[in-house]
């Protein structure tokens, strides 16, 4: 009963996002919910208890997953140009991206050293893949195959130069819907044989090219009606959301009510990251002291702190606290009250909070005072780093929030 399993997983993750609030409010959380919702209805009789393998997924759901992939990619490119940020129109965004992204990795440092012409060429290719390649999804088998390789290669490059948890892996998973049975069989037999088993096709037409799930479908009339209703709902809401966000088309009252009704489920969404490129990297450094004069820094597991610490790998895991610290540095502590709550828990030496950090400079004995300072960080270059130099250079900008103590 794959439908029941998918339904329970969707409900479970939706409950986590509600409870997690800002810490589970990322676009990939929405993408996982939207893809997971569609998987509930991928196979006929989704809630039937059966141990027999199911070979015939719904072509309607397959196309909805392809539509999701199109929206993810095209909206990501469109918001960049529609934002008016000159870094995208002048193709200089990647000269900032590698060191200003939330959690760079060690390859990000080397990518940031590449010459300007390479960064601009890479930016142009990225925009081409996001804005043009997605339309090939609707251009037959060869168009979908080109789209598969173009989008997948982009996602692999993003994986190599950043830490975006399962986001890019999920996008690659959606790309698999662009392949046909013969392509999936090749991947299964040559690449993923130990992990994935795709049952062999039988009959006189075995070995002929067929689209994934397009061969004869099964399922009752209620299932077919349900999938058509889901398709209509998703198309109406997603087209309306795209029109509103990209070209500011006014929404009718019935559509607004429909969007209001479905939005708590977070299963039909808008997408688009880095519409405006961050050109400065501010980092919050939390420090503790017992006398108010000598301060020791708390080190996080993945976010920059110690300038001599190489950027770390994290994906597919997402250190939610480290990510939120990046967003908090873009604003003030008044806009991010949870930072004060974090500092209070460190003063209390709350074990569950301290375990989220890489280093407790007070070794289980909480300090008397705690503060957060804000610093400007930038990657070093090849010359200043040398063979064993620092990965980062930084300068202090001031206090992020007032010094606090439990005695206050």
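Read-outs throughout are calculated quantities, based only on the coordinates presented, and are distinct from any laboratory measurement. Keep in mind that this is a model prediction, so the values were computed, not measured. All Cβ positions, glycine included, derive from the backbone under ideal geometry; neighbour counts span all protein chains shown.
For the chain, a Gaussian network of Cα nodes joined below 10 Å ranks 14, 296, 72 by mean-square fluctuation, and the top entry is 296. Largest GNM mean-square fluctuation among 101, 337, 324, using the chain with Cα springs under 10 Å: 337. Counted residue by residue at 0.36 nm each, then reduced by the alpha carbon distance between them, the extension gain from residue 235 to residue 320 reaches 27.4 nm.
Relative contact order of the chain, taken over Cα pairs closer than 8 Å and 6 or more residues apart, is 19 percent.
Averaging the Cα positions of each part gives two centres, and for the range 352-408 and the range 253-316 these lie 16 Å apart. Ranked by the mean number of other Cβ atoms within 10 Å of their residues, highest first, the peptides 144-156, 226-238 fall in the order 144-156, 226-238. Here the gap between residue 337 and residue 383, fully extended at 0.36 nm per residue and compared with their Cα-Cα distance, gives a gain of 12.5 nm. What separates the Cα centres of the range 115-171 and the range 63-111 is a distance of 10 Å. Model label sites at residue 363 and residue 110, defined 7 Å from Cα along the beta-carbon direction, differ in position by 3.8 nm. For a test of the definition: using alpha carbon positions, the gyration tensor, and the 1.5 limit on a/c, classify the range 305-408 as rounded, prolate or oblate. Prolate. In this simple spin-label approximation, residue 56 and residue 327 carry label points 7 Å from Cα along the Cα→Cβ vector, and these lie 4.4 nm apart.
Paramagnetic label reach from residue 313 (point 7 Å along Cα→Cβ; backbone nitrogen cut-off under 14 Å): within the range 375-408, no residues. GNM on the chain, alpha-carbon springs under 10 angstrom: the most fluctuating residue among 107, 225, 132 is 225. Once the Cα atoms are used to define both axes, helix 337-347 deviates from the longest principal axis of the chain by about 60 degrees. Extending 7 Å from the Cα toward the beta-carbon at both residue 406 and residue 306 defines two label points whose distance is 2.7 nm.
Using C-alpha pairs below 8 Å separated by at least 6 residues, the relative contact order for the range 282-404 is 35 percent. Taking R0 as 56 Å, what's the FRET efficiency between residue 397 and residue 226 from their Cβ-Cβ distance, rounded to 0.05? The pair residue 397/residue 226 has a calculated efficiency of 0.50.
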